[in-house]
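Asks: Here's a structure for you.
The values are calculated or read from the model by the stated rules, or taken from the named source; none is laboratory data. Just so it is clear, the model here is predicted, and its values are computed rather than measured. No Cβ is skipped: glycine too gets one built from the backbone with ideal geometry, and neighbour counts run over all protein chains shown. SASA here: full protein model, heavy atoms, side chains in, ligands and nucleic acids out. Shrake-Rupley method; radii C 1.70, N 1.55, O 1.52, S 1.80 Å.
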Amino acid sequence: MKKNNDFSPRHALYLKKVKTENAIVWILRFAILILGLLLWEILAITGIIDSFITSCPSKIITTIGTLITENNLFYHMGVTLYETLLGFFIAVFAGYAIALVLWWSERCRRVLEPYIVVLNSLPKIALGPVIIVWCGSGSKAIIFMAVLIGIIVAIITMLNGFLATDPNKILLLRSMGANKFQILTKLVMPGSLPTFISMLKISVGMAWIGSIMGEYLVSRAGLGYLIVYGGQVFKLDLVMAATVVLCILATLMYAAVALLEKVVINYKK
Amino acid sequence: MNKLLELKDVSFTYQTMTDEITAIENLTFSCDDGQFVSIIGPSGCGKTTILSLIAGLLQPTSGSISFEGKKLTGRNESLGYMLQKDQLFPWRTIEKNVLLPLEIKGKNTPENRKYALNLLEKYGLKDFIKNYPDQLSGGMRQRAALIRTLVSEPKLLLLDEPFSALDYQTRLSVCDDVYNIIKEEKKTTVLVTHDISEAISMSDIILVLTARPSKVKSVHKPQIKGDSPLRRRENPEFGSWFEKIWRELN
Ligand SMILES: Nc1ncnc2c1ncn2[C@@H]1O[C@H](COP(=O)(O)OP(=O)(O)O)[C@@H](O)[C@H]1O
Ligand SMILES: [Mg+2]
């Protein structure tokens, strides 16, 4: 790597242009957010929109404040986070393991293919009542829902990643005398690491869908519960506040995966 | 001299649901220790199949292959296979890539590692052992790929169109480079290619194959003077050999 001061003036100019462009993009991003919030607030204050059904930023903030002080917001966050993370990890690990088995045995893959196709196209929410009967109406049912929604996509994504291994590289390993286990551990698994990261990213979204959907169906706590409850008693401030908190948590979880990607895939230029 | 490799009346047929593809029919040839043999033929004629047979990854439908006088039944243990493109694993450093065959064979001993590192040093890759393949030029990557095939001290090298992914300039120099290393390490080599110049400039023996099902159409021994492929390309004899083989292929 060259140091900054080794570059020619022209390159310095180019770097500056790129940096300015990046700064503009960031400024515009924030501008949209702030303008949007301002507009929302002004429209609500002037009564052009009815803040009883649309809420408004200042009310959302005060609601979050009272949620923290009076309604145990962190408890609800904890409940949802627990369900989401558990659903996420179970779906990811089980999905990876099942994809490994399907990669290993072509027969197994062929036998199970139609089942996976059907499960994939089935709207999992339809199984809600069944899940409640089986797991009761607590966290268990919600985690089950999150796993169910996440695992199929995890399996399909990972299996496609495993199967996309370059046949020439497999041939190379076989010529060295590698057995199937070595092909798996030396080539297929490390080679599909980028797919694994994509799978994690997709699974973050799936886990949130699963846990919130589950909380809509059955729950006495959690952000999904707050949202449903807020809707039922027509407290739109509560609905919006819980949604904002949800947005923040989901973004943080996605960012954690993106960070992991930077750490794990360090061999690319 | 004893025959290192001998193919007798080898045929091979691929089975598919819709077709039976006879890739190779009654192929016979042999090669001595230390020779450089090129197999040249139109693409799709079965060249890669021949190498897979020699490597013992496929078994002939009929005929026999012997290696060092013994009939080959399973995988051929003492060869190095180099494929189209370098096939270096992008997530492994150059050093780890080169040690891969040792890991696979369970021979990753300090002694063998030292041998591998010596090869890397001898052929100018020492400063790059901690780099990832993406950080190296096409030529250096190819050299690393060759060293990877050499670390397990094979008796026979199989090269499957190893330069076809490179641009013309790089190709000429990499071809020289690979040839020199092979001669320095005194390895017997079977090269498969559809590039006539490459075959003429590198080989002691050239087998020209027919279109599928492949048979040996003719055998040539160009033996052009010159100590490297590039020099041989400059030799006046080169042109007439090129023309001769070109006519046979078309
Ligand atoms: N696994 C396979 N199944 C069926 N046909 C194959 C298979 N591999 C190669 N072939 C066919 O055999 C012929 C020879 O293939 P190949 O040895 O790869 O040729 P080349 O290396 O000379 O281009 C081709 O026509 C190809 O379509
Ligand atoms: Mg080929």
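Asks: List the residue ranges in chain B for DSSP H helices whose C-alpha atoms run 15 angstrom or more along the long axis and whose Kyte-Doolittle average is 0.0 or above.
Replies: Helices passing the filter in chain B: B:94-104.
Asks: Counting only protein heavy atoms and using a 1.4 Å probe, what share of the accessible area of the protein assembly as shown belongs to carbon plus sulfur, as a whole percent?
Replies: Reported share for carbon and sulfur atoms: 61 percent.
Asks: Rolling a 1.4 angstrom probe over the protein heavy atoms, how many square angstrom per residue are accessible across the range A:4-49?
Replies: Accessible area per residue, the range A:4-49: 90 Å².
Asks: Separate question: In percent, how large is the relative contact order of chain B, given Cα pairs closer than 8 Å and 6 or more residues apart?
Replies: 26
Asks: Kindly state, as a whole number, the per residue volume in cubic angstrom of the convex hull around the alpha carbon atoms of chain B.
Replies: That works out to 140 Å³ per residue.
Asks: Something else about it: According to the square roots a ≥ b ≥ c of the eigenvalues of the Cα gyration tensor, what is the shape class of chain A, taking rounded for a/c under 1.5, prolate for a/b larger than b/c otherwise, and oblate for the remainder?
Replies: oblate
Asks: Then there is this: Quick one: which residues, 5 or more positions from B:Leu157 or on another chain, have an amide H under 5 Å from its amide H? H modelled 1.01 Å from N in the peptide plane, none for Pro or chain starts.
Replies: B:Gly80, B:Thr188, B:Thr189, B:Val190
Asks: Shifting gears a bit: In Å² (nearest 100), what accessible area is buried between B and A, both sides summed, heavy protein atoms only, 1.4 Å probe?
Replies: Roughly 2100 Å².
Asks: To make sure I understand the rule: partners must be lysines, Cα under 23 Å from the Cα of B:Lys221, and not fewer than 8 residues away in the same chain. Which ones qualify?
Replies: Answer for B:Lys221, where 23 Å is the Cα cut-off: B:Lys3, B:Lys8, B:Lys47, B:Lys155, B:Lys183, B:Lys186, B:Lys187, B:Lys244, listed by chain and number.
Asks: Here's something else I'd like to know. How much of the calculated P(r) for the range A:148-259 lies past 20 Å, in percent of all Cα pairs?
Replies: The proportion of pairs with Cα distances above 20 Å equals 57 percent.
Asks: For a quick check: with amide H placed at 1.01 Å from N, whose amide H comes under 5 Å from B:Ser214's, ignoring anything fewer than 5 positions away on the same chain?
Replies: B:Ile24, B:Glu25
Asks: Let me ask something additional. Quick one: the Cα spread of the range A:72-215 along its three principal axes, in angstroms, biggest first?
Replies: 61, 33, 18
Asks: Right, here's the next one. Taking the highest mean first, how do the peptides B:120-133, A:39-52, A:142-155, A:83-96 order by number of other beta carbon atoms within 10 angstrom per residue?
Replies: My ranking of the peptides, most packed first, is A:142-155, A:83-96, B:120-133, A:39-52.
Asks: What trypsin sites (Lys or Arg not before Pro) in the range A:149-231 are in a loop by DSSP, with at most 13 other Cβ atoms within 10 Å of the Cβ?
Replies: Sites meeting the loop and neighbour criteria: A:Arg220.
Asks: Mind listing the Cα extents of the protein assembly as shown along all three principal axes, in Å, largest one first?
Replies: Extents along the principal axes, in whole Å: 96, 64, 49.
Asks: Continuing with this model, one more query. Helix check for chain A. Which DSSP H runs span at least 30 Å along their own axis by Cα, with a mean Kyte-Doolittle hydropathy no less than 1.0?
Replies: Those that pass (Cα extent of 30 Å or more, hydropathy at least 1.0) are A:9-45, A:73-104, A:139-163, A:193-217, A:236-264.
Asks: Further question on the same structure: Just want the answer: with Cβ charges of +1 for Lys and Arg and -1 for Asp and Glu, which residue in A:Leu15, A:Ile34, A:Thr46 is farthest toward the dipole's positive end in the range A:4-49?
Replies: Final value for the positive-end residue is A:Leu15.
Asks: What percent does the relative contact order of chain A come to when contacts are Cα pairs within less than 8 Å and at least six residues apart?
Replies: It comes to 24 percent, rounded to a whole number.
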